[in-house]
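Please read the structure below before turning to the comments.
The values are calculated or read from the model by the stated rules, or taken from the named source; none is laboratory data. It should be emphasised that the depicted structure is a prediction, and the values quoted were computed from it without experimental measurement. Methodologically, a virtual Cβ is constructed for each residue, glycine included, from the backbone with ideal geometry; neighbour enumeration extends over all protein chains shown. Areas reflect the complete protein model, heavy atoms only, side chains present, ligands, DNA and RNA absent. Shrake-Rupley method; radii C 1.70, N 1.55, O 1.52, S 1.80 Å.
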Amino acid sequence: MIEILFLLLPLAFYSGWRSAKKNKSKPCVEPHKLADDYVKGVNYLLSEEPDKALEVFINHPDVDEYTAETYLLLGNMFRNRGEVDRALRLHQNLMARSSLTKSQKTSVLFALGEDYFAAGMLDRAESVFQELLEADPNGVDACLPLRQIYEQTHEWEKAIQTTLCLRKKRLPESHQKLIAHYYCEMAEQEMSLGNLHRVEKYVLKAETSFKSSVRVMILQADLLERKKSYKAAFNTYLKALKQDARVLSYLYSKIMKVSAVVGKDKELERVLLDLYKNNDGVLSYLLMIISRNNTSTDFLIDDLRNRKLDIPSIIRSVGILKNSNAICSEHEKLPLIEKALTNYLKGEAIFQCQNCGYKMQNYMWRCPACYQWDKVSHT
Ligand SMILES: [Zn+2]
């Protein structure tokens, strides 16, 4: 509802305009009609009757430079609320007005492009943004939505070109990473077709764009594995894993496969144990010992007692201990599970506002974020 307040700005403007005019002797035409339509339109919006509001705004004969801005924002508001049809109608109507300045026409065209994108009409959105880019080759505003379109359509080469166009404004290093991702996407496509020569070419380009990319390392290891250079593949997977433990679940089966071929199981076990102890990649080691089950699991008891494990890790640890001799009786298991769950809940939010999603540790009658009463309940 707050977003509708901006519609009151033109009213404030006309109110000021009228006061100013009262002090002058020259006769003038007051924009009563415009103000009346505005009040009517805003009223419809406030009473949740957007179609009636839309009719009022669209059928108003005159749009000046002030109301044009407001109509533009109103259309954006419809789009942000997911009402893309209304946004399109309003922006198309606005585009047909002859009273717009050149820069307003550009803004409305941009908004239309965003409407088409939101409606999933990617071809139309693309031609709108291309038109804007051609009209202003040095501008970069149209590059970002174009890049998003090409990401959706998997046109990676074009995505790279529009990212390069964004760099005209010296945008951050993150764009180097993006370009590396696009080349990796192309490399993966070629990998699935068995075109290793092309994979190599794209991986090299990705590496040139962002040298320390973990994804590039994994693709390099994949390539080595395809070429049967298993030892080098194993080392490269390990390098990627040490750089970013989050990728473990992604490359776990790959690294297990080459580890078995080159007989490096013990080395892998050491690395995973190290990751387990020093990272939050808790599931990593557990997954491995589940599959191997030949390592001592006594440390799991200490971890359940003293470490804050996530729920999947608690379930897996208990599952492993259930089948080991580390715990003798049922009586020992229950306090252990109780302690692990208590550790898990430490610092966790227990309550959540059902209205806005705000989480809190203590029950509150009124949500401190959205100020609604009686909306807090257990997560
Ligand atoms: Zn709330």
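Taking into account only those residues within the range 354-379 that are more than 9 Å from the ligand (Cβ to nearest atom), open to solvent by 90 Å² or more (accessible area, probe 1.4 Å) and polar (S, T, N, Q), which is farthest from ASP303 (Cα to Cα)?
For the range 354-379, the residue satisfying everything is ASN362.
Where in the range 186-284 are there helices (runs of 4 or more DSSP H), lying wholly inside it, with at least 1 residues that are over 27 Å from GLN176 (Cβ atoms)?
Ranges flagged: 230-243, 248-262, 265-278.
Check the range 110-122 and report whether any residue there is buried (at least 21 other Cβ atoms within 10 Å of the Cβ) and within 26 Å of THR208 (Cα to Cα).
no
Which number in (1) within 31 Å of the chain's Cα centre (by Cα); (2) of a type outside the set (D, E, K, R); (3) open to solvent by 60 Å² or more (accessible area, probe 1.4 Å) marks the one condition that LEU88 misses?
Condition not satisfied by LEU88: (3).
Can you go through LYS239, LYS266 and tell me which one is at pLDDT below 85 and surrounded by fewer than 20 Cβ atoms within 10 Å (Cβ to Cβ)?
On inspection, the qualifying residue turns out to be LYS266.
Return yes or no: is LYS158 out of contact with any Gly (no Cβ under 8 Å at 6 or more places or on another chain), of a type in the set (Lys, Arg), surrounded by fewer than 18 Cβ atoms within 10 Å (Cβ to Cβ) and under 21 Å from GLN189 (Cβ atoms)?
yes
Could you count how many residues in the range 330-353 are within 27 Å of the chain's Cα centre (by Cα) and more than 8 Å from the ligand (Cβ to nearest atom)?
Total satisfying the criteria: 6.
I'm trying to understand the selection: among the residues of the range 333-379, which are of a type in the set (Val, Ile, Thr), touching a Phe, Trp or Tyr at 6+ places or on another chain (Cβ under 9 Å) and under 27 Å from ARG305 (Cβ atoms)?
If the condition is that a residue be of a type in the set (Val, Ile, Thr), touching a Phe, Trp or Tyr at 6+ places or on another chain (Cβ under 9 Å) and under 27 Å from ARG305 (Cβ atoms), then ILE350, THR379 are the ones that fit.
Quick one: is LEU193 over 23 Å from MET121 (Cα atoms) and open to solvent by 20 Å² or more (accessible area, probe 1.4 Å)?
yes
Any idea which of (1) in a helix (DSSP H, G or I); (2) open to solvent by less than 80 Å² (accessible area, probe 1.4 Å) is the one LEU334 doesn't satisfy?
(2)
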